[in-house]
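Okay, structure first, notes after.
The values are calculated or read from the model by the stated rules, or taken from the named source; none is laboratory data. None of the values given here were measured: they were computed from a predicted structure. Positions of Cβ are backbone-derived with ideal geometry, glycine not excepted, and every protein chain shown enters the neighbour counts. We work out accessible area using only protein heavy atoms, side chains counted, and drop any ligands, DNA or RNA first. Shrake-Rupley method; radii C 1.70, N 1.55, O 1.52, S 1.80 Å.
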Amino acid sequence: MGSTAPTKELSTLEQAQEFYDAVFDEDMQQLLDKADDGNDEARETLEGMTYGVWKQVTYYVTLAGGGPAARLAVEVDDYGEVENAWLEYADWFAPWTSAPRQDPELVKRLATVVGYYGE
């Protein structure tokens, strides 16, 4: 009977790092260098490696400034309609962090009322 050594599941952060390391390897860097130098074949190869490209517009509505600070992050569609919104909080020297328990529809309602998101 073979060994059944326990396998360690990778965390999402570890998986993300492994994916990054696999994509941005030496071959990728060489292709980027060639594309930067105007090599169309390298550029086409890089373009073929992508899954897709889309535009996501995020607006920020400041609710409180300084430290601590709070804002709404508001994602809109091509017509300026709110698709998604959430509250973020930050204190001095700390990154913006989403509040863990939010009513997404309530936050979206506030974002829709207080902002104009057209161009």
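Matching residues to (1) touching a Ser or Thr at 6+ places or on another chain (Cβ under 9 Å); (2) surrounded by 10 or more Cβ atoms within 10 Å (Cβ to Cβ):
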| site | (1), (2) |
| --- | --- |
| D21 | no, no |
| E88 | yes, yes |
| P95 | no, no |
| E105 | no, no |
| G115 | no, yes |
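Residues in region 65-75 that are out of contact with any helix residue (DSSP H, G or I) (no Cβ under 7 Å at 6 or more places or on another chain) and either among the hydrophobic types (A, V, I, L, M, F, W, C) or surrounded by 16 or more Cβ atoms within 10 Å (Cβ to Cβ) (or both): 5 in all. No other residue among L13, L46, L72, L63 is touching a residue at least 12 places away in the same chain (Cβ under 8 Å), part of a helix (DSSP H, G or I) and either on the phi < 0 side of the Ramachandran plot or within 17 Å of the chain's Cα centre (by Cα) (or both) apart from L46. Only one of the numbered conditions (1) closer than 25 Å to Q102 by Cβ; (2) among the aliphatic types (A, V, I, L, M); (3) open to solvent by 40 Å² or more (accessible area, probe 1.4 Å) is violated by V53, and that is (1). Taken over region 31-50, the residue count meeting the criterion of being open to solvent by less than 90 Å² (accessible area, probe 1.4 Å) and not small (G, A, S) is 6. Within region 98-116, identify whether any single residue is closer than 16 Å to T58 by Cβ, at pLDDT below 95 and within 17 Å of the chain's Cα centre (by Cα), and answer yes or no. Among the residues of region 98-116, at least one is closer than 16 Å to T58 by Cβ, at pLDDT below 95 and within 17 Å of the chain's Cα centre (by Cα), which makes the answer yes. Each residue in region 97-117 was checked for being of a type outside the set (K, R) and outside any loop (DSSP other than H, G, I, E, B), and 11 pass.
Each residue in region 76-96 was checked for being closer than 21 Å to T112 by Cα and in a loop (DSSP other than H, G, I, E, B), and 5 pass.
Among the conditions (1) in contact with a strand residue (DSSP E or B) (Cβ under 9 Å, 6 or more places away or on another chain); (2) at pLDDT 90 or above; (3) open to solvent by 60 Å² or more (accessible area, probe 1.4 Å), D78 misses just one, which is (2).
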